[in-house]
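Here's the structure we're looking at; comments come further down.
The values are calculated or read from the model by the stated rules, or taken from the named source; none is laboratory data. Keep in mind the model is a prediction, meaning the values are calculated, not measured. With ideal geometry, Cβ positions are generated from the backbone for all residues, glycine too; neighbour counts draw on all protein chains shown. Surface accessibility is based on the protein's heavy atoms, side chains included, excluding ligands, DNA and RNA. Shrake-Rupley method; radii C 1.70, N 1.55, O 1.52, S 1.80 Å.
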Amino acid sequence: MPDCDFLLIGGGVAAYNAGKRMRKLNADARIVLVSADSLPPYSLPPLSKEFLRGEQSESDIVYPPLDAMGGPTDVVLSSTVSELDAERREAVLDDGRRISFGKALLATGASPILLPVPGAELQGVFYLRSASDALAMAAAAASSHQAVVIGAGFIGLEVAASLRKLGIEVTVIEAEARIWPRFADANVAEVVRSRSAAEGVQFLTGERVVSVNGEGRVKSVSTSGGLQIDCDLVCVGIGIRPNTGLASAAGLETANGIVVDEMMRTSAPDIFAAGDVIS
(Lines give C-alpha, C1' and ligand atoms only; values in the text may rest on other atoms or scores of the structure.)
Protein backbone atom coordinates (compact mmCIF):
# COMPACT_ATOMS: atom_id res chain seq x y z
CA MET A 1 0.00 0.00 0.00
CA PRO A 2 1.41 3.45 -0.89
CA ASP A 3 2.18 5.97 1.83
CA CYS A 4 -0.45 8.31 0.37
CA ASP A 5 -3.16 8.29 -2.26
CA PHE A 6 -2.31 11.77 -3.52
CA LEU A 7 1.06 13.51 -3.33
CA LEU A 8 0.95 17.25 -3.95
CA ILE A 9 4.38 18.64 -4.83
CA GLY A 10 4.28 22.39 -4.26
CA GLY A 11 2.56 24.68 -1.79
CA GLY A 12 0.91 27.27 -4.02
CA VAL A 13 -2.67 27.91 -5.04
CA ALA A 14 -2.72 25.06 -7.59
CA ALA A 15 -1.62 22.41 -5.08
CA TYR A 16 -3.86 23.78 -2.33
CA ASN A 17 -7.00 23.87 -4.46
CA ALA A 18 -6.26 20.42 -5.83
CA GLY A 19 -6.07 19.22 -2.23
CA LYS A 20 -9.40 20.86 -1.40
CA ARG A 21 -11.06 19.24 -4.39
CA MET A 22 -9.58 15.83 -3.64
CA ARG A 23 -10.84 16.03 -0.09
CA LYS A 24 -14.37 16.80 -1.30
CA LEU A 25 -14.29 13.92 -3.75
CA ASN A 26 -12.75 11.42 -1.34
CA ALA A 27 -13.07 12.16 2.36
CA ASP A 28 -10.84 9.24 3.33
CA ALA A 29 -8.02 9.83 0.84
CA ARG A 30 -4.53 10.09 2.31
CA ILE A 31 -3.03 13.37 1.09
CA VAL A 32 0.54 14.60 1.50
CA LEU A 33 1.54 18.13 0.44
CA VAL A 34 5.25 19.00 0.22
CA SER A 35 6.16 22.69 0.07
CA ALA A 36 9.51 24.46 -0.03
CA ASP A 37 7.91 27.44 1.72
CA SER A 38 8.06 27.82 5.48
CA LEU A 39 4.41 28.91 5.53
CA PRO A 40 1.40 26.72 4.79
CA PRO A 41 -0.30 27.52 1.45
CA TYR A 42 -1.30 31.17 1.24
CA SER A 43 -2.83 33.74 -1.10
CA LEU A 44 -0.31 35.33 -3.47
CA PRO A 45 -2.09 38.52 -4.71
CA PRO A 46 -1.68 40.41 -1.39
CA LEU A 47 2.11 40.00 -1.50
CA SER A 48 2.55 43.01 -3.78
CA LYS A 49 -0.20 45.01 -2.10
CA GLU A 50 -1.59 44.76 1.46
CA PHE A 51 1.05 42.34 2.74
CA LEU A 52 3.95 44.37 1.32
CA ARG A 53 2.51 47.53 2.89
CA GLY A 54 2.13 45.88 6.29
CA GLU A 55 -1.67 46.03 6.22
CA GLN A 56 -1.98 42.25 6.37
CA SER A 57 -0.01 39.68 8.34
CA GLU A 58 0.92 36.08 7.59
CA SER A 59 -2.18 34.88 9.42
CA ASP A 60 -4.33 37.04 7.11
CA ILE A 61 -3.05 35.46 3.91
CA VAL A 62 -2.68 31.80 4.93
CA TYR A 63 -5.50 29.60 3.61
CA PRO A 64 -7.60 27.41 5.95
CA PRO A 65 -5.56 24.27 6.62
CA LEU A 66 -6.24 21.21 4.52
CA ASP A 67 -6.26 18.96 7.58
CA ALA A 68 -9.21 20.96 8.94
CA MET A 69 -11.30 19.61 6.08
CA GLY A 70 -11.18 16.08 7.44
CA GLY A 71 -9.32 12.98 6.35
CA PRO A 72 -5.65 12.12 6.81
CA THR A 73 -3.56 15.05 5.57
CA ASP A 74 0.13 15.73 6.09
CA VAL A 75 1.65 19.10 5.13
CA VAL A 76 5.46 19.00 4.95
CA LEU A 77 6.95 22.52 4.97
CA SER A 78 10.47 23.83 4.23
CA SER A 79 11.09 20.71 2.18
CA THR A 80 11.46 19.80 -1.48
CA VAL A 81 11.16 16.67 -3.58
CA SER A 82 14.67 16.00 -4.86
CA GLU A 83 13.86 12.88 -6.90
CA LEU A 84 10.72 11.57 -8.56
CA ASP A 85 10.41 8.03 -9.88
CA ALA A 86 7.37 8.03 -12.18
CA GLU A 87 7.45 4.28 -12.83
CA ARG A 88 7.74 3.23 -9.18
CA ARG A 89 5.51 6.13 -8.08
CA GLU A 90 7.94 7.20 -5.40
CA ALA A 91 9.31 10.59 -4.34
CA VAL A 92 12.47 11.28 -2.36
CA LEU A 93 12.55 14.40 -0.16
CA ASP A 94 15.64 16.52 0.40
CA ASP A 95 16.06 14.95 3.84
CA GLY A 96 16.15 11.45 2.34
CA ARG A 97 12.59 10.46 3.23
CA ARG A 98 10.79 8.36 0.64
CA ILE A 99 7.07 8.72 -0.08
CA SER A 100 5.20 6.27 -2.28
CA PHE A 101 2.00 7.51 -3.87
CA GLY A 102 -0.98 6.47 -5.93
CA LYS A 103 -1.12 9.67 -7.96
CA ALA A 104 0.93 12.86 -7.81
CA LEU A 105 0.49 16.49 -8.81
CA LEU A 106 3.48 18.57 -9.85
CA ALA A 107 2.73 22.18 -8.92
CA THR A 108 6.28 23.44 -8.49
CA GLY A 109 5.53 26.88 -9.90
CA ALA A 110 8.05 29.16 -11.53
CA SER A 111 11.10 31.21 -10.59
CA PRO A 112 11.82 34.84 -11.47
CA ILE A 113 14.05 35.55 -14.44
CA LEU A 114 17.17 37.12 -12.93
CA LEU A 115 18.33 40.51 -14.14
CA PRO A 116 21.31 39.73 -16.43
CA VAL A 117 23.40 42.85 -15.78
CA PRO A 118 26.42 43.77 -13.65
CA GLY A 119 25.52 44.61 -10.05
CA ALA A 120 22.28 42.64 -10.02
CA GLU A 121 23.55 40.73 -6.97
CA LEU A 122 23.86 43.86 -4.80
CA GLN A 123 21.91 44.21 -1.58
CA GLY A 124 18.71 46.11 -2.14
CA VAL A 125 17.76 44.23 -5.34
CA PHE A 126 14.59 42.18 -4.86
CA TYR A 127 12.34 39.72 -6.69
CA LEU A 128 8.80 39.10 -5.46
CA ARG A 129 7.55 35.50 -5.53
CA SER A 130 6.96 34.56 -1.89
CA ALA A 131 5.93 35.94 1.47
CA SER A 132 9.56 35.94 2.61
CA ASP A 133 10.45 38.03 -0.46
CA ALA A 134 7.72 40.54 0.43
CA LEU A 135 8.85 40.74 4.06
CA ALA A 136 12.45 41.37 3.02
CA MET A 137 11.38 44.08 0.59
CA ALA A 138 9.12 45.69 3.20
CA ALA A 139 12.00 45.78 5.70
CA ALA A 140 14.21 47.49 3.12
CA ALA A 141 11.44 49.90 2.13
CA ALA A 142 11.21 51.15 5.71
CA SER A 143 14.54 52.95 5.26
CA SER A 144 14.36 53.64 1.52
CA HIS A 145 13.62 56.92 -0.25
CA GLN A 146 13.96 56.14 -3.96
CA ALA A 147 13.05 52.91 -5.73
CA VAL A 148 13.39 51.61 -9.27
CA VAL A 149 10.97 48.95 -10.52
CA ILE A 150 12.28 47.08 -13.58
CA GLY A 151 9.40 45.76 -15.66
CA ALA A 152 5.96 47.29 -16.07
CA GLY A 153 3.84 44.16 -15.81
CA PHE A 154 1.15 43.48 -13.22
CA ILE A 155 3.59 42.77 -10.39
CA GLY A 156 5.80 45.73 -11.26
CA LEU A 157 2.95 48.23 -11.23
CA GLU A 158 1.41 46.78 -8.06
CA VAL A 159 4.76 47.03 -6.27
CA ALA A 160 5.23 50.57 -7.60
CA ALA A 161 1.81 51.59 -6.27
CA SER A 162 2.53 50.06 -2.86
CA LEU A 163 5.92 51.74 -2.57
CA ARG A 164 4.34 55.08 -3.44
CA LYS A 165 1.78 54.55 -0.68
CA LEU A 166 4.73 54.01 1.65
CA GLY A 167 6.07 57.43 0.66
CA ILE A 168 8.90 56.25 -1.60
CA GLU A 169 9.75 57.92 -4.91
CA VAL A 170 9.31 55.32 -7.67
CA THR A 171 10.56 55.08 -11.24
CA VAL A 172 9.32 52.23 -13.41
CA ILE A 173 11.62 51.22 -16.28
CA GLU A 174 10.13 49.20 -19.15
CA ALA A 175 12.13 47.95 -22.13
CA GLU A 176 9.12 48.01 -24.47
CA ALA A 177 7.68 51.21 -25.93
CA ARG A 178 4.73 51.14 -23.53
CA ILE A 179 3.54 49.33 -20.43
CA TRP A 180 1.63 46.03 -20.66
CA PRO A 181 2.54 45.36 -24.32
CA ARG A 182 1.77 41.63 -24.07
CA PHE A 183 -1.66 41.65 -22.42
CA ALA A 184 -3.41 45.00 -22.95
CA ASP A 185 -4.05 47.28 -25.90
CA ALA A 186 -2.55 50.76 -26.06
CA ASN A 187 -5.71 52.52 -24.82
CA VAL A 188 -6.05 50.39 -21.68
CA ALA A 189 -2.32 50.66 -21.01
CA GLU A 190 -2.44 54.43 -21.27
CA VAL A 191 -5.30 54.65 -18.76
CA VAL A 192 -3.31 52.60 -16.26
CA ARG A 193 -0.11 54.57 -16.90
CA SER A 194 -1.91 57.89 -16.48
CA ARG A 195 -3.54 56.78 -13.24
CA SER A 196 -0.21 55.56 -11.88
CA ALA A 197 1.52 58.78 -12.94
CA ALA A 198 -1.17 60.79 -11.15
CA GLU A 199 -0.17 58.94 -7.97
CA GLY A 200 3.44 59.99 -8.47
CA VAL A 201 4.94 57.00 -10.28
CA GLN A 202 7.46 58.04 -12.94
CA PHE A 203 7.85 55.98 -16.12
CA LEU A 204 10.74 55.36 -18.48
CA THR A 205 9.68 53.26 -21.48
CA GLY A 206 11.88 52.04 -24.30
CA GLU A 207 14.81 51.89 -21.86
CA ARG A 208 16.77 48.90 -20.56
CA VAL A 209 18.74 48.73 -17.34
CA VAL A 210 22.35 47.94 -18.28
CA SER A 211 23.88 47.98 -14.78
CA VAL A 212 23.03 48.24 -11.11
CA ASN A 213 25.56 50.41 -9.35
CA GLY A 214 26.88 50.56 -5.80
CA GLU A 215 29.44 49.12 -3.42
CA GLY A 216 27.79 46.29 -1.51
CA ARG A 217 24.41 47.98 -1.75
CA VAL A 218 22.52 49.50 -4.67
CA LYS A 219 22.94 53.25 -5.16
CA SER A 220 21.69 53.74 -8.72
CA VAL A 221 20.89 52.05 -12.02
CA SER A 222 22.17 52.95 -15.47
CA THR A 223 20.04 52.65 -18.60
CA SER A 224 20.67 51.95 -22.26
CA GLY A 225 19.89 55.61 -23.02
CA GLY A 226 22.72 56.84 -20.80
CA LEU A 227 20.58 57.81 -17.81
CA GLN A 228 21.62 57.20 -14.21
CA ILE A 229 18.80 56.98 -11.70
CA ASP A 230 19.56 57.17 -8.00
CA CYS A 231 17.80 54.59 -5.85
CA ASP A 232 18.27 52.55 -2.69
CA LEU A 233 15.80 49.78 -3.60
CA VAL A 234 15.27 47.87 -6.85
CA CYS A 235 12.44 45.45 -7.61
CA VAL A 236 12.86 43.26 -10.69
CA GLY A 237 9.79 41.88 -12.47
CA ILE A 238 10.89 40.84 -15.96
CA GLY A 239 9.21 37.46 -16.17
CA ILE A 240 9.30 33.92 -14.83
CA ARG A 241 10.54 30.48 -15.90
CA PRO A 242 8.67 27.27 -14.97
CA ASN A 243 10.44 25.03 -12.47
CA THR A 244 10.67 21.92 -14.65
CA GLY A 245 13.88 20.43 -13.27
CA LEU A 246 12.19 17.72 -11.21
CA ALA A 247 9.88 16.75 -14.08
CA SER A 248 12.69 16.64 -16.62
CA ALA A 249 14.86 14.49 -14.35
CA ALA A 250 11.91 12.11 -13.97
CA GLY A 251 11.66 11.74 -17.74
CA LEU A 252 8.42 13.69 -18.17
CA GLU A 253 7.85 15.59 -21.39
CA THR A 254 8.56 19.32 -21.14
CA ALA A 255 8.40 22.20 -23.60
CA ASN A 256 8.61 25.62 -21.93
CA GLY A 257 6.85 23.95 -19.01
CA ILE A 258 5.52 20.48 -18.29
CA VAL A 259 3.41 19.20 -21.17
CA VAL A 260 -0.09 18.11 -20.08
CA ASP A 261 -3.24 16.93 -21.81
CA GLU A 262 -6.78 18.23 -21.40
CA MET A 263 -7.01 16.36 -18.07
CA MET A 264 -3.76 17.95 -16.79
CA ARG A 265 -2.08 14.55 -17.07
CA THR A 266 1.63 14.51 -17.89
CA SER A 267 3.39 11.95 -20.08
CA ALA A 268 3.37 9.66 -17.02
CA PRO A 269 -0.21 8.32 -16.53
CA ASP A 270 -0.37 8.76 -12.72
CA ILE A 271 1.36 12.13 -12.54
CA PHE A 272 -0.46 15.38 -13.19
CA ALA A 273 0.70 19.01 -13.28
CA ALA A 274 -0.92 22.40 -12.80
CA GLY A 275 -0.15 26.07 -12.25
CA ASP A 276 2.77 28.13 -13.52
CA VAL A 277 4.88 25.04 -14.19
CA ILE A 278 2.80 23.70 -17.09
CA SER A 279 3.27 24.44 -20.77
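Taking the listed residues 18, 14, the one that is under 14 Å from the mean Cα position of the chain (by Cα), surrounded by 18 or more Cβ atoms within 10 Å (Cβ to Cβ), small (Gly, Ala, Ser) and modelled with pLDDT of 95 or more is 14, with no other qualifying.
Within region 229-263, the set of residues being open to solvent by 60 Å² or more (accessible area, probe 1.4 Å) and free of Cβ contacts under 8 Å to residues at least 60 places away in the same chain comprises 253, 256, 262, 263. Checking the structure you have, find out if any residue of region 65-86 is in contact with a Phe, Trp or Tyr (Cβ under 7 Å, 6 or more places away or on another chain) and among the charged types (D, E, K, R). No: zero hits. Here the strands (runs of 3 or more DSSP E) wholly within region 58-169 that include at least 3 residues being over 30 Å from residue 263 (Cα atoms) and open to solvent by less than 20 Å² (accessible area, probe 1.4 Å) are 146-150.
Residues are listed down the side, and each one gets a yes or a no for (1) among the hydrophobic types (A, V, I, L, M, F, W, C); (2) touching a Pro at 6+ places or on another chain (Cβ under 8 Å); (3) under 30 Å from residue 39 (Cβ atoms):
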| residue | (1), (2), (3) |
| --- | --- |
| 158 | no, no, yes |
| 167 | no, no, yes |
| 182 | no, no, no |
| 187 | no, no, no |
| 193 | no, no, no |
| 227 | yes, no, no |
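The one condition from (1) assigned to a loop (DSSP other than H, G, I, E, B); (2) modelled with pLDDT under 95; (3) open to solvent by 70 Å² or more (accessible area, probe 1.4 Å) that residue 184 does not meet is (3). Residue 9 falls short on exactly one of the conditions (1) among the hydrophobic types (A, V, I, L, M, F, W, C); (2) open to solvent by 20 Å² or more (accessible area, probe 1.4 Å); (3) under 25 Å from residue 86 (Cβ atoms), and that condition is (2).
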